[in-house]
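Below is one structure; the comments refer to it alone.
Coordinate-derived values only; no laboratory data. All values reported here derive from a predicted model rather than from experimental measurement. Note that each Cβ is placed from the backbone with ideal geometry, even for glycine, and that neighbours are counted across all protein chains shown.
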Amino acid sequence: CCPLTYYYFISFLQALDNLPSAQSCLPFNRSLPACFNGFGRDILQAMQQQQMNAITSFIDGSVVYGSGPKVNNLLRDLCGLNGKLTVNEHFKDPKGRPYLPFEESLQSVCLHGEENVACFRAGDSRVNEGLPLTSLHLLWLRQHNQIAETLKHLNGHWNAETIYEETRKIIGALHQIITMRDYVPKIIGKEFFDNYIGPYGGYDPTVDPSASNVFATAAFRFGHATISPVVRRLNASYQEHESFPSLKLHETFFSPWRIIKEGGIDPIVRGALGTQAAAPHSNKLLTDELTERLIVLSIPQDMDLASLNLQRGRDHGLPGYNDWRDFCGLERIRTLEDFKQVVSDASVAERILQLYKHPDNIDIWLGGLVETFSPGSRTGPMFSCLIAKQMKALRDGDRFWWEADGMFSQEQRDELLKVSLSKIICENTDITEVPPDAFIFGKYPSGYVSCNNLPAMNLEAWREEKSEGTWDNNSETVQSPSKGKMTEVQQSTKATYSTHM
């Protein structure tokens, strides 16, 4: 929009302890601004610079399918005519299960010395940042292809496009269910979930479902404080793996070769299930693996995630901590004693105010992170508020939400609700024992159940009898998978059922 400088340095305050060795500043790339266009709109809005969101805001499975048609087409197995996603052509796991496809670029950033393995390709470009994240991407790839194969068997008259789109619709619904039912209440606590989100009341066209700047830039980055310094790799008995020992976090950055050459994703997934998330302390928020050994592509030095988060909030012009407490109906912090009431460690409150001089100067990410957790949650009241408001908007403003009218039949909804992340792990790995809820830590073996004891989704609910007018590869009408309703396709492109482009 305007020729500004988008690269500069973050200077360290020399009075701080534990400065990275031989470093006095860190390079920083600014976020690109979004161009404001359109006349006659609010002049104040026009004067407020916003940053681009390069992916969809919706909980729509875009991490699996991408956020635009170009990436989407790269990820599809268009030659197989089976509705599946493309898989790695060179490697499979020890039991023959597929891996994610490789990036095609010859300059892949994941080429590591003698380990000539390129980056994996997925719907989100961050797929290679860490082994647990890569493993989760791979689980959803395998899940898509399993569902697609079953639907092809159940409905032999469906063509590849119909199989793909209905599978994508199911995967998007599972993302929404697992996120909103199983994950969010544990993060913000039942009280905030009930008060701010509540039961689903249908699609509301007046709700803006965009990801807010404060959510993306501050509130949802609470998770950085829950990252362990060690990525554990465990055997079938949830003990340290004999052949593939646990790794320090920095050894897992952009290292997909470890999955291919070191036992696949099973040891990593067991490690994620069998390890408690780090519990942040107000005087030790992030592990040194993130503040002193973080790898950022295109920057040839170790980085500090805490510094990047603070500077990103300033880069985006986020109001300070007190302003967001106001926004959430919480009392402003006016004195040191006020701050001590919301921070569990009084010495941390003193240190922060010593650095910031005034409560209104405190960065939102830091202020939100040091707040004492709300009951039954993993965030303080301000972050709980901001996350809850965002999640409600993502649900109520999504006309393709899985519970919206016409999306699924009641029989299909009942089957979707049976699925859990634990069951998805069971169906796409050789892991045979898991916690009933993958988001609740339990010590093996008492907190684990056999995969056979977890309910599975029965895709018979998607079986459809072939009828006149069913879409084949050459026709211009399609038999809707939602129980036989005919839909006319007015263009030569195929119909889609749950896309958020």
What would the Debye formula give as log10 I(q)/I(0) at q = 0.19, 0.23 Å⁻¹ for the alpha-carbon point model of region 373-447, no solvent?
-1.03, -1.02
Using only Cα atoms, locate the centre of region 277-318 and the centre of region 122-147, then give the distance between them in Å, rounded to an integer.
24 Å
So residue 237 and residue 405, fully extended at 0.36 nm per residue minus their Cα-Cα distance, gain in nm 56.0 nm
What is the dipole size for region 104-205, taken about its Cα centre, with +1 at each Lys and Arg Cβ and -1 at each Asp and Glu Cβ, in debye to the nearest 20?
220 debye
Answer rounded, prolate or oblate for region 416-464, using the Cα gyration tensor with square roots of eigenvalues a ≥ b ≥ c: rounded when a/c is under 1.5, else prolate when a/b is larger than b/c, else oblate.
prolate
Between region 180-229 and region 323-397, what is the C-alpha centre distance in whole Å?
16 Å
Pairwise Cα inverse-distance average, inverted: Kirkwood Rh of region 297-450 (Å):
19.6 Å
Quote to one decimal, in nm, the extra length available between residue 361 and residue 95 on full extension: 0.36 nm per residue of separation minus the C-alpha distance between them.
90.2 nm
If packing is taken as the average number of other Cβ atoms within 10 Å across a peptide's residues, how do 233-241, 257-265 rank, most packed first?
257-265, 233-241
From the square roots a ≥ b ≥ c of the eigenvalues of the alpha-carbon gyration tensor of region 317-359, which class results: rounded (a/c under 1.5), prolate (a/b over b/c), or oblate?
oblate
Anchor residue 70: lysines whose Cα lies under 17 Å away (excluding residues fewer than 8 positions away in-chain)
84, 494
If you count, for each residue, the other Cβ atoms within 10 Å and average over each peptide, how do 214-220, 24-30 line up from highest to lowest?
214-220, 24-30
Below 11 angstrom from the Cβ of residue 166, what's the summed charge of the other residues (Lys, Arg +1; Asp, Glu -1)?
0
Length released on extending from residue 347 to residue 277, taking residue separation times 0.36 nm less the Cα-Cα span
22.7 nm
Among rounded, prolate and oblate, which fits region 144-268 when a ≥ b ≥ c are the square roots of the eigenvalues of its C-alpha gyration tensor, a/c under 1.5 means rounded, and a/b larger than b/c means prolate?
oblate
Packing-based ranking, highest mean first, of 269-280, 326-337 given that Cβ atoms within 10 Å are counted
269-280, 326-337
For the cross-link pairs 418/443; 95/466; 284/392, which exceed 28 Å when the distance is taken from alpha carbon to alpha carbon?
95/466; 284/392
